[in-house]
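**Student:** After the structure tokens below, expect a handful of questions from me.
The values are calculated or read from the model by the stated rules, or taken from the named source; none is laboratory data. Values in this document were obtained by computation on a predicted structure and should not be read as measured data. Positions of Cβ are generated from backbone atoms using ideal geometry, with glycine treated the same way; all protein chains shown enter the neighbour counts. Side chains included, ligands, DNA and RNA excluded: accessible areas come from the protein's heavy atoms. Shrake-Rupley method; radii C 1.70, N 1.55, O 1.52, S 1.80 Å.
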Amino acid sequence: MQPHLKQTYNYAFLDEGSKKEIRRTTLKAVAIPGYQVPFASREMPIGRGWGTGGLQLTLSLIGDQDCLKVIDQGNDDSVNAVSIKKLVQSCTEAEVTTDSERATLIQTRHRIPEVPIRADQILIFQVPLPEPLRMVEAKERKTKQLHAEMDYSGIWLRLYEDIVKWGKISIGADYPALAHKRHIFAPSPIPRYDLPKLNHADGLFLFGAGREKKIYAIPPYTDIEPLAFDDYPFETEHFDGCNCRLCGSSDTFLDEIFDEKTGQKFYQCSDTGNCRKRQEKRHTP
Amino acid sequence: MIHDESRPLLSVRHLTKRFGKGCTACSHPEQLPEGSNHCPHCGTVWACNDISFDLYEGEILGIVGESGSGKSSLVQCLYFDSSITDGSAHIATYQDGAANIFRESSQQKRYIRNHLMGMVYQNPWIGLRMQFSSGGNIAEKLIAAGTFNVHEIRARAKELLDHVEIPVTRMDEVPLHFSGGMQQRVQISKALANHPPILLLDEVTTGLDLSVQARVLDLIRRIQRESRTAMIVVSHDLGVIRMLCDRTMVMKQGRCIEAGLTDQILEDPHHAYTQLLVHSLL
Ligand SMILES: Nc1ncnc2c1ncn2[C@@H]1O[C@H](COP(=O)(O)OP(=O)(O)OP(=O)(O)O)[C@@H](O)[C@H]1O
Ligand SMILES: [Mg+2]
Ligand SMILES: [Zn+2]
């Protein structure tokens, strides 16, 4: 069945014209860090809102020499990650991996791998809501104008009101940041812990929003500043005194897990690929 | 900002604002029917027609006229809320008065709006974000002018609210639940946040009870006395104009039909329409 199926799709599923258009959009996105470039998002064999934006980026970039890693909230084995990998494998000869250091392309939802992205790697985010100003302005025409005029007092006001009400900024994931001192962008729902990794990184970060038909990018060595007031600085999540129960790590992003039987709470690395490598190292000294 | 007092702070020349495309029948406003700002051929409304005036530092200029005479259109053009059809405006303290502010980029216009002008709208729903706290409304202006320190923002907001006699304890409440007079005072404090040299006030007291009106008018006079802010006060109420304004411009059908010292206009109105207005006041 498999070889037969391969012939019914174009290489990497999308037709060459579509891939070219997506790559052209990507180049424009790279040229204007954080600026959302519209593109003609295609129908994909997975539902919109399930990573179609990220997938289209992946498919437009992938070649047989590539090695792909797909993660969902840090996890290589989630149903979504697995079905995206299957789809890519059914229409390319690219290899797949769970090792972020071996991968050339990493498609992700909600996390950035623990090991920093290198210059020869591209991290592709699946983005549900690309517009950071949507929380203060409902109309697309208006948000476009606000970006054009760098009129960002509305979103800052929202942060001010948070501080007045809660004593701190209540945004957890998808924390807005300023790219290249010009555009405020939504980093997709990654934890705050991951946001500083976008600042002056060696690798390229691409963001694809399928449903909203937008692509944007953070190129290497771009200034990324999380929005914060002088006297209420940006803070990341921390896990003081906690360790991963599998690899023992105390310096990675940990998920809180409850054992249903015992009701006990314990911690585990969210980046499963990295955790597995650490476990192996621990067992083979 | 040091500024030569004999030079106007704001000079507006030939400002024209039209709603609609215009047509050959109304290409020159003189062609419009007598006593109308509306082209019978194409339906275009000539809301402001060739308006010129100067505003000096520390002065309050009144604009009076009947409903539809173009008063709001004029201040909205000056605040860049709506685009102009023709004309120029220069601010002495902006690029040394060399730039026609209507020709500036939208980013520069935003700078002018945030640093050099304040606007108080007749309808507080336009001037305030009703779902955000009063302090937040002021904060937005301060942030727009580059203050990113919550402590400083709150200190300044307190000072401003106190100045307009809003209890500081209500700073974190939304203006939605405030009375009309309080909402106008929050609007005024917001407009003053960045010490703008020019303040535009569009019918600030319309719809308020007389006693509440008096408090707002007192506040405006106090601001003028203390900070020498130049103001344009728009009103269709000559009583308000008489109380506040040094000089007055009378508008009708988008045109300025009479201008001069308020006292003189009230004592010796020249234009028949102004005479009518003045006599209805007495
Ligand atoms: N958005 C618009 N589209 C078309 N015509 C408009 C628009 N806004 C105002 N006008 C017209 O422009 C003219 C001037 O209106 P404007 O609101 O400036 O008058 P005003 O002097 O402020 O009146 P009022 O005392 O009622 O507030 C009126 O004829 C009005 O109908
Ligand atoms: Mg009006
Ligand atoms: Zn006409």
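**Student:** Give the Kirkwood hydrodynamic radius (Å, one decimal) of chain B, defined as one over the mean of 1/r across all pairs of different Cα atoms. Walk me through the intermediate numbers first.
**Tutor:** On the way: mean 1/r = 0.0511 Å⁻¹.
About 19.6 Å, per the Kirkwood formula over Cα pairs.
**Student:** If you roll a 1.4 Å probe over the protein assembly as shown with all protein chains in place, what percent of the accessible area is carbon or sulfur? Display every interim value, and only then the final one.
**Tutor:** Working: 13190 of 25890 Å².
Answer for the protein assembly as shown is 51 percent, counting heavy atoms of protein chains only.
**Student:** Hey, can you list the residues from the stretch A:142-185 whose accessible area shrinks by 30 Å² or more with all protein chains present, relative to the chain by itself (probe 1.4 Å, no ligands or nucleic acids)?
**Tutor:** Residues meeting the cut-off: A:E149, A:S153, A:W156, A:L157, A:Y160, A:E161, A:V164.
**Student:** What length, rounded to one decimal in nm, is gained on full extension from A:D77 through to A:I257, with 0.36 nm per residue of separation minus their alpha-carbon distance? Please list the in-between numbers first.
**Tutor:** Numbers: separation 180, 0.36 × 180 = 64.80 nm, distance 1.70 nm.
Result: 63.1 nm gained on full extension.
**Student:** Just to confirm, what accessible area per residue do you get for the stretch B:10-281 at 1.4 Å probe, in whole Å²? Display every interim value, and only then the final one.
**Tutor:** On the way: 11600 Å² over 272 residues.
Accessible area per residue: 43 Å².
**Student:** Also, I was wondering about something else. Mind checking which helices in chain A clear 18 Å along their axis (Cα) and have mean Kyte-Doolittle hydropathy of -0.5 or more, DSSP H runs only?
**Tutor:** Details: long enough: A:16-31 (23 Å, -0.89); A:79-91 (19 Å, 0.68); A:153-166 (19 Å, 0.08).
Span-like helices here: A:79-91, A:153-166.
**Student:** Using a 1.4 Å probe on the heavy atoms of the protein chains only, list every residue of the stretch A:226-266 that has 40 Å² or more less accessible area in the complete assembly than in its chain alone.
**Tutor:** Listed in order, they are A:F229, A:D230, A:D231.
**Student:** Counting Lys and Arg as +1 and Asp and Glu as -1, what is the net charge of the other residues whose Cβ lies under 14 Å from the Cβ of A:H283? Each step should come with its number before you reach the end.
**Tutor:** Details: positive: A:R276, A:K277, A:R278, A:K281, A:R282; negative: A:E280.
In short, +4.
**Student:** Could you tell me how many degrees, from 0 to 90 and to the nearest 10, lie between the Cα long axis of helix B:134-144 and the main elongation axis, the longest principal axis, of the Cα atoms of chain B?
**Tutor:** 70 degrees
**Student:** Which loop-located GluC sites (Glu not before Pro) does the stretch A:39-102 contain, where loop means any DSSP state but H, G, I, E or B and the Cβ has at most 13 other Cβ atoms within 10 Å? It would help to have the intermediate numbers written out before the result.
**Tutor:** Details: sites: A:E43, A:E93, A:E95, A:E101; in loops: A:E43, A:E93, A:E101.
Filter output for the stretch A:39-102: A:E43, A:E93.
**Student:** If you don't mind, there's one more thing I want to ask. For chain B, find the longest principal axis of its Cα atoms and tell me its angle to the long axis of helix B:272-281, 0 to 90°, nearest 10.
**Tutor:** It is inclined by approximately 40 degrees.
**Student:** Okay, next question. To the nearest 10 degrees, how steeply does helix B:180-191 sit against the main Cα axis of chain B, on a 0 to 90 scale?
**Tutor:** Its long axis makes an angle of about 90 degrees.
**Student:** Add -39500 (n - 2.57) for each DSSP H run of 4 or more in chain B, then divide by its residues: what number comes out at 222 nm, to the nearest 500 deg cm²/dmol?
**Tutor:** On the way: 10 runs with 96 residues, N = 282.
Taking each H run of at least 4 residues, the total per residue is -10000 deg cm²/dmol.
**Student:** For the pair A:L129 and A:K281, what calculated FRET efficiency results from E = 1/(1 + (r/R0)^6), where r is the Cβ-Cβ distance and R0 = 41 Å, to the nearest 0.05? Could you put the intermediate results ahead of the total?
**Tutor:** On the way: r = 38 Å, r/R0 = 0.92.
The pair A:K281/A:L129 has a calculated efficiency of 0.60.
**Student:** Compute the signed sum of charges (Lys and Arg +1, Asp and Glu -1) over the other residues within less than 14 Å, Cβ to Cβ, of A:E16.
**Tutor:** Details: positive: A:K19, A:K20, A:R23, A:R24, A:R42; negative: A:D15, A:E21.
Neighbourhood net charge equals +3.
**Student:** Let me ask something else. So if I take the centroid of the Cα atoms in the stretch A:120-177 and the same for the stretch A:188-262, what is the distance between those two points in Å?
**Tutor:** 16 Å
**Student:** Then there is this: Taking every DSSP beta bridge with both residues inside the protein assembly as shown, roughly what % is antiparallel (nearest 5)?
**Tutor:** Values: 40 of 75 bridges.
In the protein assembly as shown, approximately 55 percent of DSSP beta bridges are antiparallel ones.
**Student:** Protein chains only, probe 1.4 Å: how do B:R110, A:R282 rank by accessible area, largest first?
**Tutor:** Values: B:R110 45, A:R282 125 Å².
Result of the area sort, largest leading: A:R282, B:R110.
**Student:** Using the heavy atoms of the protein chains and a 1.4 angstrom probe, tell me the accessible area per residue for the stretch A:238-285 in square angstrom. If you can, show how the numbers build up before the last one.
**Tutor:** Details: 3310 Å² over 48 residues.
Result: 69 Å² per residue.
**Student:** Ballpark to the nearest 100 Å², how much total accessible area do B and A bury together, probe 1.4 Å? Please list the in-between numbers first.
**Tutor:** On the way: alone 13360 and 14220 Å², together 25890 Å².
Summed over both sides, the interface buries about 1700 Å².
**Student:** Taking a quarter of the surface of the Cα convex hull of the stretch A:54-186, what do you get in nm²? Intermediate values should be presented prior to the final figure.
**Tutor:** Values: hull surface 40.1 nm².
Convex hull of Cα atoms, orientation-averaged projection: 10.0 nm².
**Student:** Compute the FRET efficiency between B:A214 and A:F234 as 1/(1 + (r/R0)^6), taking r as their Cβ-Cβ distance and R0 = 51 Å, and round to the nearest 0.05.
**Tutor:** Details: r = 48 Å, r/R0 = 0.94.
Between B:A214 and A:F234 the formula returns 0.60.
**Student:** So which lysines can B:K158 reach, going by Cα to Cα under 16 Å and dropping same-chain residues fewer than 8 places off?
**Tutor:** Hits, sequence-local ones excluded: B:K141, B:K190.
**Student:** Among the lysines, select those whose C-alpha is under 19 Å from the C-alpha of A:K213, and discard any that sit fewer than 8 residues away in the same chain.
**Tutor:** A:K19, A:K20, A:K28, A:K139, A:K142, A:K144
**Student:** Which value in nm describes the separation of the simple spin-label points at A:Q145 and B:Q275, placed 7 Å from the Cα toward the beta carbon?
**Tutor:** For the pair A:Q145/B:Q275, the computed spacing is 4.5 nm.
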